[in-house]
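Just so you know, all these numbers are worked out from the coordinates, no wet-lab data involved. Remember, it's a predicted structure, so these values are computed and weren't measured experimentally. Cβ placement follows ideal geometry from the backbone for every residue including glycine, while neighbour counts extend to all protein chains displayed.
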Amino acid sequence: MPSQRYCFVAMPFRPELNFFFLYLKRYLEENYGLRIERGDASVLTKPLMDKIREQILRADLVIGDVTGNNANVFYELGLAHAGGKPILFLTQNPPEQTPVDIRQFEFIQYDLGKHEELLAKLDNAIRNAFGEKYEGLFEKAREYLQRFNNESGLNCQQKPLDDFQALVMRGEQTGGIPPEDQEDMLVQFLLPKIISDFTDAVVIKKYTEWVSSLNR
């Protein structure tokens, strides 16, 4: 079973942000297969800051909500920065209200009443954070799509990179990405994720026949 990507969220423990955290957690888990935690995620068996430090150093990504300029959040983000972790900064405040030392970074400014705008910005930031690996897979999938179209007589269009990446990230957590030396398996993993209308019955039939021919 592949290791699930882990995301640590540094944010103030305030009632109105607790609901936001749960919303964020559900969205990122369902759409990207990330495991999301805050510092209060589990029962303490060691000092709180030791546990938080371990969580941050284990993380593949850190999301920091600096709304209200909370000192604990800045400490946690300092640990993440020192550990070389990619950080996505969120805030409900105007970016100019943040401390000077972190204004050099890009912020996702959000309004809890405009969730669609927030999610669009968050999607873009998540994909950029993990992007390089998936760009290579996208190019590989495009090669498979061209072969499939040429040999099946179809003219299937490709999904945008963003949609392809989200599908691969979800699939990565359920079965993993096959290695390149198992090309038949890699084709079956990538091709359905790049075809724009893979639910079409004709496309599915042609895909099934084509994949079967690869295994002969």
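Are there GluC sites (Glu not before Pro) in the stretch 51-141 that DSSP puts in a loop and that have at most 13 other Cβ atoms within 10 Å, and which ones? Each step should come with its number before you reach the end.
Working: sites: Glu54, Glu76, Glu96, Glu106, Glu116, Glu117, Glu132, Glu135, Glu139; in loops: Glu106.
Answer in residue order: Glu106.
Please work out whether the stretch 106-164 counts as rounded, prolate or oblate from its C-alpha gyration tensor, where a ≥ b ≥ c are the square roots of the eigenvalues and a/c under 1.5 means rounded, while otherwise a/b larger than b/c means prolate and anything else oblate?
Values: a/c = 7.17, a/b = 2.39, b/c = 3.00.
Oblate shape, in that a/c is at least 1.5 and b/c is the bigger or equal ratio.
Which residue fluctuates most in the GNM of the chain (Cα springs below 10 Å): Gln182, Gln146, Gln55?
Of Gln182, Gln146, Gln55, the most mobile in the Gaussian network model is Gln182.
Sort Phe198, Phe19 so the one with the fewest other Cβ atoms within 10 Å of its own Cβ comes first. Walk me through the numbers on the way to the answer.
Numbers: Phe198 15, Phe19 11.
Fewest-to-most Cβ neighbours within 10 Å comes out as Phe19, Phe198.
Find how much the distance from Arg142 to His81 grows on full extension, using 0.36 nm per residue of separation minus their present alpha carbon separation; answer in nm with one decimal. Before the final figure, lay out each step's value.
On the way: separation 61, 0.36 × 61 = 21.96 nm, distance 3.57 nm.
Difference between extended and current length: 18.4 nm.
Quickly work out the Asp162-to-Asp197 label distance, labels modelled 7 Å from Cα along the C-beta direction, and quote it in nm with one decimal.
2.2
By its C-alpha gyration tensor, with a ≥ b ≥ c as the square roots of the eigenvalues, how is the stretch 132-214 shaped: rounded for a/c under 1.5, else prolate for a/b larger than b/c, else oblate? Don't jump to the answer; show the numbers that get you there.
Details: a/c = 1.64, a/b = 1.36, b/c = 1.21.
Judged from the Cα gyration tensor, the stretch 132-214 comes out prolate (a/c at least 1.5, a/b above b/c).
Please identify the trypsin sites (Lys or Arg not before Pro) of the stretch 78-122 that satisfy two criteria: DSSP loop assignment and at most 15 other Cβ atoms within 10 Å. Which are they?
Working: sites: Arg103, Lys114, Lys121; in loops: Arg103, Lys114.
Answer in residue order: Arg103, Lys114.
For a Förster distance of 35 Å, can you work out the FRET efficiency between the beta-carbons of Phe13 and Thr174, rounded to the nearest 0.05?
Once the sixth-power term is evaluated, E becomes 0.60.
What is the Cα coordinate range of the chain on the first, second and third principal axes, sorted by size from largest, in whole angstrom?
That gives 61, 37, 28 Å along the principal axes, largest extent first.
Extension gain Asp40-Gln97, at 0.36 nm per residue separation less the Cα-Cα distance, in nm?
On the way: separation 57, 0.36 × 57 = 20.52 nm, distance 2.69 nm.
Stretched fully, the Asp40-Gln97 segment lengthens by 17.8 nm.
Using only the alpha-carbon atoms, how far is helix 183-194 inclined from the longest principal axis of the chain? Give it as 0 to 90 degrees, nearest 10.
70
Would you look at the GNM of the chain, springs on alpha carbons closer than 10 Å, and say which of Gly83, Gly68, Gly153 moves the most?
Checking each option, the largest mean-square fluctuation is seen for Gly153.
By the gyration tensor of its Cα atoms, with a ≥ b ≥ c the square roots of the eigenvalues, what is the shape of the stretch 6-129: rounded for a/c under 1.5, prolate for a/b over b/c, or oblate? Display every interim value, and only then the final one.
On the way: a/c = 1.41, a/b = 1.18, b/c = 1.19.
Rounded is the answer for the stretch 6-129, as its axis ratio a/c remains below 1.5.
Quick check: pseudo-label points 7 Å beyond the Cα along Cα→Cβ at Gln182 and Asn31, how many nm apart are they?
3.0
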